[in-house]
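Data first, discussion second: the structure below is written as C-alpha cells.
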Amino acid sequence: MTPKHEKQEFVTVLVRDPRIQKEDSWHSYIDYEIFIHTNSICFTRKTSCVRRRYREFLWLRQRLQSNAVLIQLPELPSRTPFFNMNNPNHVDHRRQGLQEFLEKVLQDALLLSDSRLHLFLQTQLSPEDMEACVSGQTKYSVADAIHSFASLNRRFPIEDEERKKEKNDADSDSESSSSGLGPSDDSISCGCKASPASEES
C-alpha cells in the first residue's frame, strides 16, 4: 500500500534575533540566529541553531562561488557605510536579505553538496576552522563537528527521539573517541529558541 501523499522534503531556514555583540572596547557587531528545521537527507542534523555575523556570510558566499563557478549565486544585502546597527530598520532589512540569500542557496542541489555550507549552518566553527575541517587538516570530520556542536548545546525534541533510537541501536561495548572538539555536556545551552518551523521572526 502506498501512502496518499508522499512525504515531501523540506528545509526551513529562519534568520532572526539580531544581537549586538562587543568585539572589544571600541568595536561592536551584530550577529543573527540561524535556525534550521528539515527532513532532508542532505543534513546531518534535522534541527540546528547557530549565530553568525555578516562577514561570515560574505565568506560563505565567496567560498560557495569559488566551488560552483557555473552557478550564479544570490546576492547578499549590500555592505553600506550608512548601515547603523542601532537603527531597527537597517538591521531588519539586512536580516531579511540574509534569510533570502540562505533560502535561495538551500534550493540548489550543487550548493547543498558543499560541506562548508553545512558547517556554517550547523556548527559555530570559525571560517578558518571550517576550511581546515573541509580540507582534512583536523582530527574531526564534518559530521563529527556537527554532532559535537549539537551535543554541546540544548537538544530539540526531535533530536532527542533520534538520539534514543541511535542509542538503542548502538553496540553497548563501543567506546566513544574524542573528536578534539571539546567535552559533551548536554547542560550547556546556546540560547537558541527551539520553536516550530512556522514561527515568523
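The values are calculated or read from the model by the stated rules, or taken from the named source; none is laboratory data. This structure is a prediction, so every number in the text was calculated from the model and none was measured. Virtual Cβ from ideal backbone geometry, glycine too; neighbours counted across all protein chains shown. Just so you know, the surface numbers come from the protein's heavy atoms only, side chains and all, with ligands and any DNA or RNA stripped out. Shrake-Rupley method; radii C 1.70, N 1.55, O 1.52, S 1.80 Å.
Scanning the range 142-163 for residues that are at pLDDT 85 or above, acidic (Asp, Glu) and open to solvent by 80 Å² or more (accessible area, probe 1.4 Å) turns up nothing.
Return yes when residue 111 is within 24 Å of residue 149 (Cα to Cα), out of contact with any Gly (no Cβ under 8 Å at 6 or more places or on another chain), open to solvent by 50 Å² or more (accessible area, probe 1.4 Å) and assigned to a helix (DSSP H, G or I) and no when it is not. Here the answer is no, as residue 111 does not meet what is asked.
Listed here are the residues, each with its yes/no results for (1) free of Cβ contacts under 8 Å to residues at least 24 places away in the same chain; (2) surrounded by 15 or more Cβ atoms within 10 Å (Cβ to Cβ); (3) touching a Gly at 6+ places or on another chain (Cβ under 6 Å); (4) among the acidic types (Asp, Glu).
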position: 12; (1), (2), (3), (4): no, yes, no, no
position: 33; (1), (2), (3), (4): no, yes, no, yes
position: 40; (1), (2), (3), (4): no, no, no, no
position: 45; (1), (2), (3), (4): no, yes, no, no
position: 59; (1), (2), (3), (4): no, yes, no, no
position: 81; (1), (2), (3), (4): yes, no, no, no
position: 90; (1), (2), (3), (4): yes, yes, no, no
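When residue 27 is tested against (1) touching a residue at least 12 places away in the same chain (Cβ under 8 Å); (2) exposed (fewer than 15 other Cβ atoms within 10 Å of the Cβ), just one condition goes unmet, and that condition is (1). Screening residue 51 on (1) within 13 Å of the chain's Cα centre (by Cα); (2) surrounded by fewer than 17 Cβ atoms within 10 Å (Cβ to Cβ) shows it passes everything except condition (2).
Quick one: is residue 66 within 27 Å of residue 113 (Cα to Cα), of a type in the set (Gly, Ala, Ser) and not in a loop (DSSP other than H, G, I, E, B)? Yes, satisfied.
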